[in-house]
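Peer 1: My structure is below; once you've seen it, I'll send some questions.
The values are calculated or read from the model by the stated rules, or taken from the named source; none is laboratory data. Nothing here was measured: the structure is a model prediction, and the numbers come from that model. FYI the Cβ positions are ideal-geometry reconstructions off the backbone, even for glycines, and counts take in every protein chain you see. Heads up: the accessible areas ignore ligands, DNA and RNA and are worked out on the full protein's heavy atoms, side chains in. Shrake-Rupley method; radii C 1.70, N 1.55, O 1.52, S 1.80 Å.
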Amino acid sequence: MSKITTLNEFILERQKDFPFATGELTNLLNDIAVASKIVNRDVNRAGLVDILGAKGETNVQGEEQQKLDVIADDAFIAAFKSGEEVCGIASEENDDFVAFDDEASKNGKYVVLFDPLDGSSNIDVNVSIGTIFSIYRRVSEPGTKAVKEDFLQKGADQIAAGYVLFGSSTMLVYTTGKGVNGFTLDPSIGEFCLSHKDIKSPETGRIYSINEGNLDRCDPGLKEYAQYCREDDSSTGRPYSGRYIGSLVADFHRNLLKGGIYVYPTTNNCPEGRLRLLYECNPLAFIAEQAGGIATDGHQRIMDIEPKELHERCGYYVGSTQMVEKAMSLLKHKEAKITV
Ligand code: AHG
Ligand code: MN
Ligand code: MN
């Protein structure tokens with residue numbers, strides 16, 4: 001039997017590269033793994049117990065909350081609170097950030113921003129969903145309560161980021177800025193095991209992922225790009241395959257491994273875009289770049305955007321470098337450029 005490397009072993013091994021590391025980030029990543037297993041358990045039996053469907057409330061962004069959105073949010077917050085490495089969190093499901101007020105957490109070095117359940121419209125129909133997280137070092141003084149500035153940092157300042165995909169298997173993929181590694185949950189032993197070492201995304205691919213229902217509402221250049229993807233051209237492998245699950249984390253993961261582009265543009269009816277900069281776009285941009293891809297909002301590198309609000313949204317173009325560059329080259333808005 002080949003040797004299994006668990007997530008825990010892998011993180012501890014990596015910690016040796018940082019002789020002054022205190023182990024707090026290691027513990028924090030382990031807290032995330034434990035919370036993921038709890039959410040995984042709930043997701044897997046969702047149809048059997050009364051946790052499918054809407055909760056009957058809307059979140060701060062006016063979106064209907066699903067019961068599992070709230071279950072996942074609570075599981076991660078509980079893990080971060082008891083872990084004591086984190087002084088506060090911000091999540092898509094909470095109106096404002098939460099500053100933990102117990103003494104141990106106030107000494108925590110980190111803040112975490114997360115989308116507890118991504119793809120929530122897919123929960124009720126048994127389609128892949130996920131959790132996305134982003135970790136920053138706080139900018140406020142340790143020992144005090146977290147403040148808004150701790151959360152409004154640009155993506156380039158992320159210490160670590162990752163996602164958990166509840167798909168045909170459950171995977172945790174993360175980066176600390178030294179490459180991307182993926183771990184598959186082996187349910188028989190309850191451990192995330194290294195399955196995708198040092199993930200590199202192909203420079204180009206044959207998959208484009210966009211909600212085509214929005215094409216008449218966005219930059220006309222994107223319609224041209226979709227047309228380009230559909231054209232027959234054997235030298236570039238076109239037509240490409242259109243693949244759109246509607247769970248960003250699942251669409252992103254597929255394109256990361258196979259090569260592809262994911263686009264959620266700004267539209268006439270969502271002029272700021274749909275996806276959230278802090279909970280969705282930044283963490284996946286960090287992973288994309290670490291795997292050799294790029295992420296832009298159509299104007300600038302995602303991770304260079306200075307956030308002004310917690311729930312800020314933006315247009316999103318992420319994936320294989322050559323494909324994102326091609327889409328950018330066709331956009332009509334004057335400022336269209338990529339700086340990475
Ligand atoms: P969330 O479930 O966290 O609100 O995110 C949903 C996002 C994203 O996962 C997905 O790619 C996109 O919304 C789908 O939007 P459309 O249904 O408009 O295509
Ligand atoms: Mn989401
Ligand atoms: Mn969500």
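Peer 1: For a Förster distance of 35 Å, can you work out the FRET efficiency between the beta-carbons of Ile4 and Asp74, rounded to the nearest 0.05?
Peer 2: Details: r = 31 Å, r/R0 = 0.89.
That gives a FRET efficiency of 0.70.
Peer 1: Dipole size in debye (nearest 20) for the chain around its Cα centre, Lys and Arg Cβ +1, Asp and Glu Cβ -1?
Peer 2: 1040
Peer 1: Can you give the accessible area of Glu13, probe radius 1.4 Å, in Å² rounded to 10?
Peer 2: 110
Peer 1: Here's another thing I want to ask about it. Ignoring trypsin sites (Lys or Arg not before Pro) that are buried or in helix or strand per DSSP, and keeping those with at most 15 other beta carbon atoms within 10 Å, what is the longest stretch of the chain between them?
Peer 2: Here the longest segment lacking exposed loop sites spans 201-307.
Peer 1: Fully extended, how many nm does the chain gain between Val49 and Val139 (0.36 nm per residue separation, minus their Cα-Cα distance)? Intermediate values should be presented prior to the final figure.
Peer 2: On the way: separation 90, 0.36 × 90 = 32.40 nm, distance 4.19 nm.
Contour length minus the Cα-Cα distance gives 28.2 nm.
Peer 1: Give, in nm to one decimal, the length gained when the segment between Gln15 and Asp232 is fully stretched (0.36 nm per residue of separation minus the Cα-Cα distance). Please list the in-between numbers first.
Peer 2: Values: separation 217, 0.36 × 217 = 78.12 nm, distance 4.89 nm.
Working it through step by step, the gained length comes to 73.2 nm.
Peer 1: Sticking with this one: Gly88's amide H: which non-local residues (gap 5+, or another chain) put their own amide H closer than 5 Å, with H modeled 1.01 Å from N in plane and none for Pro or chain starts?
Peer 2: For Gly88, whose amide H was placed from the backbone, the distant partners under 5 Å are Phe100, Val112.
Peer 1: Related question: Output wanted: per-residue J couplings in Hz (rounded whole) for the stretch 129-144, from phi through Karplus 6.51 cos²θ - 1.76 cosθ + 1.60, θ = phi - 60°, x for Gly and Pro.
Peer 2: 9, x, 10, 10, 9, 9, 10, 10, 7, 5, 9, 7, 5, x, x, 10
Peer 1: Below 15 angstrom from the Cβ of Lys145, what's the summed charge of the other residues (Lys, Arg +1; Asp, Glu -1)?
Peer 2: Every neighbour counted, the sum reads -3.
Peer 1: With a 1.4 Å probe and all protein chains left in place, how much accessible area per residue does the stretch 161-296 have, in Å²?
Peer 2: In whole numbers, the stretch 161-296 has 38 Å² accessible per residue.
Peer 1: Here's something else I'd like to know. How tilted is helix 248-258 with respect to the longest principal axis of the chain? Cα atoms for both, answer in degrees (0 to 90, nearest 10).
Peer 2: Approximately 70 degrees, to the nearest 10.
Peer 1: If you don't mind, another one. So which of Lys3/Lys154; Lys55/Lys81; Lys145/Lys308; Lys55/Lys197; Lys67/Lys223 end up more than 27 Å apart, counting from Cα to Cα?
Peer 2: Lys3/Lys154; Lys55/Lys197; Lys67/Lys223
Peer 1: So which GluC sites (Glu not before Pro) in the stretch 179-267 end up in coil per DSSP with only 14 or fewer other C-beta atoms within 10 Å?
Peer 2: Here the GluC sites (Glu not before Pro) that fit, given the DSSP loop and packing criteria, are Glu203, Glu231.
Peer 1: State the percentage of accessible surface on the chain attributable to carbon and sulfur atoms; use a 1.4 Å probe and exclude ligands, DNA and RNA.
Peer 2: Carbon-and-sulfur percentage of accessible area, whole number: 48.
Peer 1: Now a separate question. Could you state the number of Å between the C-alpha centres of the stretch 20-81 and the stretch 130-207?
Peer 2: Spelled out, the Cα-based centre of one part sits 15 Å from the other.
Peer 1: Sticking with this one: When the Cα centres of the stretch 105-119 and the stretch 224-276 are compared, how far apart do they sit, in Å?
Peer 2: 29
Peer 1: Once both labels are modelled 7 Å past Cα along the beta-carbon direction, what's the Asp95-Arg41 spacing in nm?
Peer 2: A separation of 3.2 nm, rounded to one decimal place.
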